Amino acid sequence: MMQPAVVLLSGGLDSATCLAIARSQGFTCYCLSFDYGQRHSAELQAAARVVEALGAAEHRVIPFGLAQFGGSALTDTSIAVPTGGIQPGIPVTYVPARNTIMLSLALAWAEVLGSRDIFVGVNAVDYSGYPDCRPEYIAAFEAMANLATKAGVEGRKLSIHAPLIDLSKADIIRAGNALGVDYGLTVSCYQADEQGRACGVCDSCRLRAAGFATAGLADPTRYRR
């Protein structure tokens, strides 16, 4: 019998690739997306398209209101999304505690499903410098998960899989392409419009475009201009 896995699915390039990898490894995938008060809903629409294309046992969208706190250009419209190119340090698009909250909710669902496996598409190579995308963070969360849950205490070890963490954006795209991911379904832009069209100048757009160029593959991204 195929083992269940919870897959965090934002609707972006990385999470779509992560879902394809989990499926290729024989897991029955339960996808979890989040409406956390982000600037646009285009990525949630993209997540639904990705699930329809790649397949999953179930897809849930969980709301939680990080916009109540703000503190990030992705949850506070009074803070401008940077468009001048990737700079040193942690950018204002970092959303405080976002991955910790998302992984905690994934952990809760995994316990209910009897799953020992959670997949997350974080990357620490071609990325924006977020602290909750680093290998040390993933290892620490996995250790916490095995201390904090009934499953972990009873010896059913929980694993946090981050298969993209050491890959370049180009390598991620090549891997997904080999697994049949249609990146035209995904939305990565921090400030996409209602139709899901990308701005082309935010950090995420720049990393995505450079990844396709380096991979030598056509970029299917729809741009506003």
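The values are calculated or read from the model by the stated rules, or taken from the named source; none is laboratory data. Small disclaimer: the values here were computed from a predicted structure and weren't measured. Every residue, glycine among them, receives a Cβ derived from its backbone with ideal geometry; neighbour counts consider all protein chains shown. Surface accessibility is based on the protein's heavy atoms, side chains included, excluding ligands, DNA and RNA. Shrake-Rupley method; radii C 1.70, N 1.55, O 1.52, S 1.80 Å.
Shown for the range 70-122 is the translational diffusion coefficient from the Stokes-Einstein equation, using the Kirkwood radius over Cα pairs, a temperature of 10 °C and a viscosity of 1.306 mPa s: 119 µm²/s.
Here the label points at residue 104 and residue 83, each 7 Å from Cα along the C-beta direction, are separated by 3.5 nm in the simple model. Report, by chain and number, residues whose modeled amide H sits under 5 Å from the one on residue 28, excluding near sequence neighbours (fewer than 5 apart, same chain). Correct list: 3, 5. When only alpha carbons of the chain are considered, Rg and Dmax amount to 16.7, 55 Å. Seen from residue 41, the other residues with C-beta closer than 14 Å to its C-beta sum to a net charge of -1, counting Lys and Arg as +1 and Asp and Glu as -1.
Which percentage, to the nearest 5, of the DSSP beta bridges contained in the chain is antiparallel? The antiparallel proportion sits near 0 percent. Taking a probe of 1.4 angstrom, what is the accessible area of residue 224 in Å², to the nearest 10? Counting only protein heavy atoms, residue 224 exposes about 110 Å² to solvent. Taking amide hydrogens as placed 1.01 Å from N in the peptide plane, the amide H of residue 223 sits under 5 Å from those of 198, each at least 5 positions away in sequence or on another chain. With K and R counted +1 and D and E -1, the other residues having a Cβ less than 10 Å from that of residue 127 yield a net charge of -1. Give the Debye-formula value of log10 I(q)/I(0) at each listed q (0.14, 0.15, 0.22, 0.23 Å⁻¹), with one equal scatterer per alpha carbon of the range 134-189, two decimals each. Listed by q, the Debye log ratios stand at -0.58, -0.63, -0.84, -0.87. Of the chymotrypsin sites (Phe, Trp or Tyr not before Pro) in the range 44-112, the ones in a loop by DSSP (not H, G, I, E or B) with at most 13 other beta carbons within 10 Å are 69. Shown here is the pair-distance distribution of the range 154-225: with all Cα-Cα distances grouped in 10 Å bins from zero up to the longest one, the shares run 19, 45, 23, 8, 5, 0 percent.
Averaging 1/r over each pair of different alpha-carbon atoms in the range 100-140 and inverting the result gives 11.3 Å, the Kirkwood hydrodynamic radius. Surface exposure of the chain, expressed per residue as accessible area with a 1.4 Å probe, stands at 45 Å². With R₀ fixed at 41 Å, the C-beta to C-beta distance from residue 178 to residue 92 puts the FRET efficiency at about 0.75. Residue-wise HN-Hα couplings along the range 84-95, as the Karplus relation 6.51 cos²θ - 1.76 cosθ + 1.60 with θ = phi - 60° gives them from phi, are x, x, 6, 10, x, x, 8, x, 6, 7, 5, 9 Hz; Gly and Pro carry x.
Derived scalar couplings between HN and Hα for the range 27-33 equal 7, 7, 9, 10, 8, 10, 10 Hz in order, rounded to whole Hz, by the Karplus curve 6.51 cos²θ - 1.76 cosθ + 1.60 (θ = phi - 60°), x for Gly and Pro. The phi-based Karplus calculation (6.51 cos²θ - 1.76 cosθ + 1.60; θ = phi - 60°) puts the 3J(HN,Hα) values of the range 156-169 at 8, 4, 9, 10, 9, 8, 10, x, 9, 4, 9, 9, 6, 4 Hz, whole numbers, x for Gly and Pro. Surface composition of the range 1-141: carbon and sulfur make up 55 percent of the accessible area, probe 1.4 Å. Between residue 150 and residue 222, the contour length at 0.36 nm per residue exceeds the Cα-Cα span by 21.4 nm. Over all orientations, the range 1-70 has a Cα convex hull whose mean projected area works out to 4.7 square nanometres.
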